[in-house]
1. Does region A:319-340 contain at least one residue that is in contact with a Ser or Thr (Cβ under 9 Å, 6 or more places away or on another chain), at pLDDT below 90 and small (Gly, Ala, Ser)?
2. Quick check: is even one residue across region B:207-230 within 14 Å of another protein chain (Cβ to nearest Cβ), crowded, with 18+ Cβ neighbours inside 10 Å and within 21 Å of B:Lys156 (Cα to Cα)?
3. Pairs needed: first member in region A:394-418, within 18 Å of A:Gly164 (Cα to Cα); second member anywhere, acidic (Asp, Glu) and modelled with pLDDT of 95 or more; C-beta distance under 6 Å; at least 6 residues apart or different chains.
4. Exactly one condition in (1) under 24 Å from A:Gln439 (Cα atoms); (2) surrounded by 19 or more Cβ atoms within 10 Å (Cβ to Cβ); (3) away from chain B (no Cβ under 14 Å) is false for A:Asn53; which is it?
5. Please enumerate the residues belonging to region A:13-58 that are touching a residue at least 60 places away in the same chain (Cβ under 8 Å) and under 18 Å from the mean Cα position of the chain (by Cα).
6. Residues in region B:8-30 that are assigned to a loop (DSSP other than H, G, I, E, B) and within 15 Å of ligand 2 (Cβ to nearest atom): how many?
7. Within the set of pairs 6+ apart or on separate chains, which have a first residue in region B:176-205 that is away from chain A (no Cβ under 14 Å) and farther than 30 Å from B:Gln129 by Cβ, a second that is in a strand (DSSP E or B) and among the hydrophobic types (A, V, I, L, M, F, W, C), and C-beta atoms under 9 Å apart?
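The values are calculated or read from the model by the stated rules, or taken from the named source; none is laboratory data. Not measured: the values here are computed from a predicted model. Cβ: placed from backbone, ideal geometry, glycine included. Neighbour counts: every protein chain shown.
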Amino acid sequence: MHFNFPSWGHYPKHQPKSAISYPWSNSKINFDDAPYLAYGMGRSYGDSCLNKNGVIIDSCQLNHILGFDSDTGIVRCESGVTFDDLLSVIVPKGWFLPVTPGTRFVTVAGALANDVHGKNHHRVGSFGNHVTAFELQRSTGQTLLCTPDNENKLFFNATIGGLGLTGFVTWVEFRLKRIVNSYVTKSTTTFSSVHEFFELDEEYLNSHEYSVAWIDTTARSSHLGRGLYFSGDHAKEHPVAYSAKKKNQKSLSLPVNFPNFTLNTLTVKAFNLLYLNTHKNQEGQALTHYAPFFYPLDNIKNWNRMYGKRGFFQHQCVVPLDNGKEVITEILQRVSAKGMASFLSVLKRFGNSPSVGMMSFPREGYTLALDFPNKGKRTLEFLNELDVLVRSANGAIYPAKDARMSVDTFAASFPHLDDFKKYIDPAFSSSFWRRVTRQQKL
Amino acid sequence: MIKNIVILGATSGISQAVAKQMLADDVCLHLVARDMAKLDIVASDLKSRGCADVVCYQLDFNELEQHAAVVQDIVNKAGVIDTLFVCYGLMHPQSECETDVAKALEQVHSNYTSVVSLLVLFSQAMQKQNAGTIAVVSSVAGDRGRKSNYIYGSAKAGLTTFLEGLRYQLYAKGINVLTIKPGFVDSPMTAHLKKGALWTSTDAVAGYIVKAINKNKSVIYTPPFWFLIMTIIKIIPAFIFRKLNF
Ligand SMILES: Cc1cc2nc3c(=O)[nH]c(=O)nc-3n(C[C@H](O)[C@H](O)[C@H](O)COP(=O)(O)OP(=O)(O)OC[C@H]3O[C@@H](n4cnc5c(N)ncnc54)[C@H](O)[C@@H]3O)c2cc1C
Ligand SMILES: NC(=O)c1ccc[n+]([C@@H]2O[C@H](COP(=O)([O-])OP(=O)(O)OC[C@H]3O[C@@H](n4cnc5c(N)ncnc54)[C@H](OP(=O)(O)O)[C@@H]3O)[C@@H](O)[C@H]2O)c1
């Protein structure tokens, strides 16, 4: 079992009153307490995986792969199986995850509950689009088999992206993607302003499976929004054997929190410049193992500690295409003007595949993810300012990254909210949910 | 050639981690446990991860009279047993055992008597092979009697001594007997305990175990730093030890 249950941003620091471990996926537990919330790997940034004074159900013992058909690429695994573990099994057999977030240390149920997206959203939608079935354990004792078209299909739609609120998921079945080796052909292109990004994106997006841009938020005026455009495709030839792990991969770990002053504007500036320049030299095409392509940060364990004890915020929005370009530009302008430079800033265009979840975050438009060290009120006010911009363009804020959006912003982000509420398990709740629905604090 | 690995207590946290590291496309795992519903899950997992073959057997180790038949069944199916891994046990809270004879004896029965029975049976069969490994999970708790855990500890101490003798006996037959003494392992058995810096994951412990099996080691502490801790604990004089609360 996990020793403690933080979220990735280390803000807020909410403790549950107790924690239990779900023992076996085919056993039932007594829900004689409340409120419950499942916990996977705690890779959500804010408070959606926290349950202050409630009971956490740790899924770490549910780490079994229940079935893997290496001919059809259908895999069924228990909810606590991590993408990291799964990759080590499926890659050598010529399969890959249909969708993956920027870290492989997430559980399958965590990926389901936030209906996570990856660099291939424009091609294949989000994780939920590839789920064929899962089992939901309700506190009433009911066990629901949910598929996209059986009698529980509304629970299917409510649970995907349902923030863990509809009950406990015991296992998930989904379709994998064929690959012929473990490499990716990656191309890197620099762009000198956000306008150039939009142009590049029009040109590249549809010709590559994966695409994402990194933005240097410290750049100003004519360089505003300069950065690097990464696109990639699974390598086609057979030059190398499959391997789940890159050989001689070294990993670094941050064992303690950095002091609060380490990450000041200067270091962020220096980092961004360094990042830009290292990659500038790598412009053009290269063959790379999938791990550094998809999970550049996973080699530094606990990199989140670099933000110190006070933790940090991530702000991820999506803005519809209509006025997406203007709003994204405006956000970057404010970040740069206020000197709020973000350490890691990622910009991507979501495609138009509809998400299956009632509460799924991905929808067509531009999505921008920024992170900010927690400097108290100043940071909070600034983030609210960004929310206003996002809402004015009918955009949405991503709950998996959120620790502070307002009740109204949440409601405006999720038009099917009222429908969703019908499927919530009465014994389940989270710190996030109580905050954004303004319920009694525990 | 297919390698046969027999695991007694295949649903335990440590066994599962060991099985995951030992499986291969030339390995047949023979899994023994009392709860078939759990064992089904473990078997599906190991098959999905690429194990050549997995065979399941049901046995409650407390039921000694069933032992001979199940052991015979395994021996018949496997032919040659390359590795026998024994990893099951029971830990009731000590306070309950102090007032409940049945619980105290069950602890001894599961952790010691039943293992002796199974090992006598398997040794007889494996001696004929003139090769193989018998690896058994005992515990650091058997190294010294502590007031908080001496009933469990005494069963493990008995087991450790039994294994030492068995090792000397089977040495001439080409069979290696490995005694494994884990320290604090974060597993279902200890799910209710508060964890600190001395705790290790089942995966990490499994790594040490598999390495020791492959290297024909005799006795290991997992992680190795427990050897130091236990060396110190063993030399603390009784007049101090009785004042310690652990
Ligand atoms: C470095 C980094 C990069 C990231 N990149 C991306 C990205 O590119 N795209 C993206 O979409 N996200 C991204 N994320 C966010 C991350 O993918 C999600 O927060 C994901 O849900 C985390 O999974 P987890 O297993 O850690 O779940 P947790 O954070 O522990 O929990 C997340 C939610 O899942 C629920 N849950 C967990 N297990 C169960 C269960 N068994 N039954 C029911 N509900 C359950 C929880 O209750 C909670 O609501 C990133 C995160 C990090 C740290
Ligand atoms: N965890 C530690 O800190 C630690 C430290 C030192 C040594 N050990 C030893 O490690 C071994 C494995 O334990 P673990 O930590 O992995 O804990 P665990 O997961 O709780 O394993 C205990 C296993 O023993 C099985 N078992 C108990 N009595 C049985 C019986 N009569 N018949 C059949 N199976 C029986 C249980 O089966 P069910 O699943 O059916 O209940 C369970 O699978 C034990 O020998 C333990 O003493 C553990």
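1. yes
2. No, region B:207-230 contains no residue that is within 14 Å of another protein chain (Cβ to nearest Cβ), crowded, with 18+ Cβ neighbours inside 10 Å and within 21 Å of B:Lys156 (Cα to Cα).
3. If the second residue must be acidic (Asp, Glu) and modelled with pLDDT of 95 or more, the pairs left are A:Ala403/A:Asp47.
4. Failing condition for A:Asn53: (2).
5. Residues satisfying the conditions are A:Ala38, A:Gly40, A:Met41, A:Arg43, A:Ser44, A:Tyr45, A:Gly46, A:Asp47, A:Ser48, A:Cys49, A:Leu50.
6. Residues meeting the conditions: 4.
7. Listed pairs, sorted by first residue: B:Ala204/B:Val185.
Yes or no, residue by residue, for (1) of a type in the set (Val, Ile, Thr); (2) in the same structural domain as A:Pro399 (by TED's automatic domain parsing); (3) at negative phi:
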residue	(1), (2), (3)
A:His10	no, no, no
A:Ser27	no, no, yes
A:Ala38	no, no, yes
A:Arg43	no, no, yes
A:Asp47	no, no, yes
A:Ile57	yes, no, yes
